[in-house]
Amino acid sequence: MSDLLTHVLVMYILSTLAVWRICSFNRRYVGITMLEAVIPDAAKGLLPAGPEIILFGIRAS
């Protein structure tokens with residue numbers, strides 16, 4: 001859980017700094033980058049599931 005919080009907070013800080021420095025980087029991208037910071041932790045959650053997972057009733061491998 002601390003990894004997730006660290007990833008989100010670091011991306012919040014970096015993207016806020018980018019908003020101040022880069023003209024084409026809008027404020028709306030801050031939330032998007034924070035959501036993208038969750039991807040590594042979400043991938044860790046799928047590892048114990050094994051090679052085949054069922055998501056919304058659809059089998060995937």
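In the range 1-46, the ratio of gyration radius to Kirkwood radius, Rg to Rh, stands at 1.06 when only Cα atoms are counted. Straightening the chain between Phe56 and Cys23 buys 7.9 nm, computed as 0.36 nm per residue apart minus the Cα-Cα spacing. Normalising the average separation of contacting C-alpha pairs (under 8 angstrom, six or more residues apart) by the number of residues puts the relative contact order of the range 1-46 at 48 percent. In this structure the amide hydrogen of Phe25, modeled in the peptide plane, comes within under 5 Å of no amide hydrogen from residues 5 or more places off or on another chain.
Read-outs throughout are calculated quantities, based only on the coordinates presented, and are distinct from any laboratory measurement. Everything numeric in this text was worked out from a predicted model, so none of it was measured.
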